[in-house]
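Report on the structure given below.
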Amino acid sequence: MSPDNDHILVTCGLPYVNGPCHLGHLRTYVPADMYVRGLRKMGKSILFVCGSDSHGTPIVVNAEAQGITPKALVTKYHRHFDDVFKSTGVEFDYFGDTDNPSNHERTQEIVRALMEGGYIYPLEIELAYCPACERFLPDRYVEGICPYCAKPARGDECDQGCGRHLEPGEIREAMCKICGGKADYRKQIHYFFRLSVFKDFLLSYLATLGGTSSARNYSLEWVKQELKDWCITRNMSWGVQFPGQNGLVVYVWVDAPIGYISFTEEWCAQNNIDWRVYWKDKARIIHFIGGDIVYHHCIFWPAMLKGANYSLPNDVVASGMLKIDDKKFSKSRGYVIWVKDDYLDKGLHPDLLRYYLASYTSHTKEVNFAWNLFADKVNSELVGAFGNFLNRALTFATRNFDGRIPQGNIDPEVNEKIEATLEEVILSLQEYEFKRAVDSVMTLADYGNTYFQAYEPWKLIKNNKQMAGSVLRSCLQIAKALVILMNPVMPTKMEEAWKQLGMEGTARDASFKDVLLPVLEGQQLGKPEILFSRMEEATVKDLDKIFQNRIKQAEAREKGLKVDSTELIPLISSSDLISE
Ligand SMILES: [Zn+2]
Ligand SMILES: [Zn+2]
């Protein structure tokens, strides 16, 4: 079944609402938003949904440590993420929450369908159990030793050793994270998803999966090696109840991706559309995710959808990771930039950050963020090239042509350049090559600067005003194209530029094709203003100081813990308190 291009659903990996939004999140969300805005400029109809991932043990452990309910914790960070997305121009049509009733219902419906299909079976397993706390210890409630590499590990993943996902019951030498006591192992019935029977399906599905090749190749390797059945129940009350079993909830990786469906349902209900168009028919489904959750989206998720008879994702677009100051991103070691505290609250414009994230490197590679690199990019590319050209063209036309777009012919070479840039932008977006799209627009800006410089309109105006008029009208045509093509990357700034150009309507509503519509002779221009300001060295130093202090504090904390006591295991590590 070929996808229906009239109905495109784009989703973003759900933020885990256990702590504030950081740059690593935006590494995925900004290009996704840019993609959606770009495709809308191609006339495509897109639904763009996301929402909070509200279940799982890290949230419960964190809420207990703070003495609040899990609901209070997730509500707080749900609002935070919603606010940050709005402030940074990441515009979802719908931002839901996996704890919404519709997600509980949809998850139970899918689990029942999988049970009816014979894809879920019960099995007695031995699990870590704390005799002092009188409870089973799922996932983050337990720490111990990895059975594969013998390094210290958490209950659900070997975070300090081989990095493997650990299934319930796998961890050795289990210690209770609530009381710090030694856990033992007790038998209990749990429920498993028969992932292994989906091997042939996954091999053929993944062979044709679109998106980034990184996602496809990585998951194909996994499927070729081993496909173990997944334990999909946990001993907890926070989460979606496993049908018919009090005291068991489904594993968070079951109900989190189902959020994509329930958020679609919620949006469709508000808009009188049948949600099945997206999830039971032939719509095109595109998932944008971080590179660390490829396994869940390319293996586990399509197997569940197939087993429960839902539509399958067409594309999985996995972003590369984020480095801070050339070091591996780490909240506990202080290598983190918080979007609200460190960026927005410092009065920095969100579009500059969007530009940085979209253009630093290609989507599948690592983005490195450092304040001096950020300032360099702003100063040389946005101030020096893009903003400079717009301002030169506008100011010159305003001063010498009575504030109007001059009479004159648009240079055919200019139109060719614009057309070539447009083609490159469209192709790049379709191939998820966001840097290439931005770079091609910047090349057009450079061309504009060179064009202006080469024709020396400041000389022409004295002896050949007609020629000067043609040069300026051509430059304003380039300016208009730049604003439309850059709008998906810097929506707010390009709206300001649109006004300065005196264009009708909004840059947002302009389609890509409009780049070739000639700017009208005699049309009144807006007031030219500086679009991007230089980032001064002192500002960069101040911003960097905050970041450097955070690293120092993290180092001190690390040393402090080691010096104070080697026996006392802190109940909650600082990374858990602000963990994803
Ligand atoms: Zn390990
Ligand atoms: Zn205990």
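The values are calculated or read from the model by the stated rules, or taken from the named source; none is laboratory data. These numbers were taken from a predicted model, which means no experiment stands behind them. Heads up, the Cβs are rebuilt from the backbone with ideal geometry, glycines too, and the neighbour counts pull from every protein chain shown.
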- request: Kindly indicate whether R140 is within 16 Å of ligand 2 (Cβ to nearest atom) and in a helix (DSSP H, G or I).
  value: yes
- prompt: Which residue pairs have Cβ atoms under 8 Å apart, sit 6 or more places apart or on different chains, and have a first residue in the stretch 355-374 that is among the aromatic types (F, W, Y) and a second that is part of a loop (DSSP other than H, G, I, E, B)?
  reply: Y355/V489; Y355/M490; F369/D325; F369/I337; F369/Y360; F374/M535
message: Let me spell it out: the conditions are (1) more than 27 Å from T28 (Cα to Cα); (2) surrounded by fewer than 20 Cβ atoms within 10 Å (Cβ to Cβ); (3) of a type in the set (A, V, I, L, M, F, W, C), and V515 meets all of them except one. Which number is the exception?
response: (2)
- request: Check off (1) part of a helix (DSSP H, G or I); (2) farther than 30 Å from N379 by Cα for S311 and give me the number that stays unchecked.
  value: (1)
task: Might you let me know whether the stretch 286-303 holds any residue that is among the charged types (D, E, K, R) and either part of a strand (DSSP E or B) or modelled with pLDDT of 95 or more (or both)?
output: no
field: Criterion: in contact with a helix residue (DSSP H, G or I) (Cβ under 9 Å, 6 or more places away or on another chain) and outside the structural domain of I258 (by TED's automatic domain parsing) - qualifying residue of Y278, Y355, Y335
entry: Y355
- prompt: What residue, of I178, I189, is of a type in the set (A, V, I, L, M, F, W, C), more than 34 Å from the chain's Cα centre (by Cα) and surrounded by fewer than 22 Cβ atoms within 10 Å (Cβ to Cβ)?
  reply: I189
- line: Listed by first then second residue, the pairs whose first member lies in the stretch 532-561 and is charged (D, E, K, R), whose partner is assigned to a helix (DSSP H, G or I), with beta carbons under 6 Å and at least 6 positions apart or on separate chains, are R534/N379; R534/V383; D544/W371
The stretch 111-139 residues that are β-branched (V, I, T), paired with ones that are within 16 Å of ligand 1 (Cβ to nearest atom) (beta carbon under 6 Å, 6 or more apart): I125/G169
task: List every residue pair whose Cβ atoms sit under 8 Å apart, with the two residues 6 or more apart in sequence or on different chains, where the first one lies in the stretch 305-317 and is free of Cβ contacts under 8 Å to residues at least 40 places away in the same chain and the second, anywhere, is in a strand (DSSP E or B).
output: S311/A283; S311/I285
Every pair of residues 6+ apart whose Cβ atoms lie under 6 Å, when the first sits in the stretch 158-169 and is within 18 Å of A128 (Cα to Cα) while the second is within 9 Å of ligand 1 (Cβ to nearest atom): C158/C146; C158/R164; H165/E157; L166/E157
message: Quick test for you: out of R140, R106, pick the one residue that is in contact with a helix residue (DSSP H, G or I) (Cβ under 8 Å, 6 or more places away or on another chain), surrounded by 18 or more Cβ atoms within 10 Å (Cβ to Cβ) and outside the structural domain of Y16 (by TED's automatic domain parsing).
response: R140
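Among the residues of the stretch 145-174, how many are part of a strand (DSSP E or B), buried (at least 22 other Cβ atoms within 10 Å of the Cβ) and within 16 Å of ligand 2 (Cβ to nearest atom)?
Qualifying residue count for the region: 2.
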message: Can you tell me which condition R37 does not meet? The list is (1) touching a Pro at 6+ places or on another chain (Cβ under 6 Å); (2) assigned to a strand (DSSP E or B), and all the others hold.
response: (2)
